[in-house]
Amino acid sequence: MIAEKIKKVMDEVSFVQKDMKVGSGNYGYKATSSRQVIRAVRESMIKHGLVLVPTFVLHNITQIQTSKGG
């Protein structure tokens, strides 16, 4: 079962260190790059027969004003 394999990977992989900063000033925060995550989980995922398939999702947001201004 996939959930059992994922649980095994979670048990084997330790904390993934944040390795980058996003934004600046009051809006800045630390984050973990996808490269860092893949580096941390790759070996365990292979061991348990799991694959990671990256996907790209594009979101379009359109603001529409109603006749009542909302």
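The residues in the stretch 52-70 that are closer than 21 Å to ILE2 by Cβ and not hydrophobic (A, V, I, L, M, F, W, C) can be counted, and the count is 2.
Taken across the stretch 40-58, residues that are in contact with a Pro (Cβ under 9 Å, 6 or more places away or on another chain) and among the small types (Gly, Ala, Ser) do not occur at all. Quick one: count up the residues across the stretch 11-51 that are within 24 Å of MET1 (Cβ to Cβ), open to solvent by 100 Å² or more (accessible area, probe 1.4 Å) and part of a loop (DSSP other than H, G, I, E, B). So the count comes out to 1.
The values are calculated or read from the model by the stated rules, or taken from the named source; none is laboratory data. Being a predicted model, the structure only gives us computed values, none of them experimental. Neighbour counts run over all protein chains shown; Cβ positions are idealised from the backbone, glycine included. Protein only, heavy atoms only, side chains kept; ligands, DNA and RNA dropped before computing areas. Shrake-Rupley method; radii C 1.70, N 1.55, O 1.52, S 1.80 Å.
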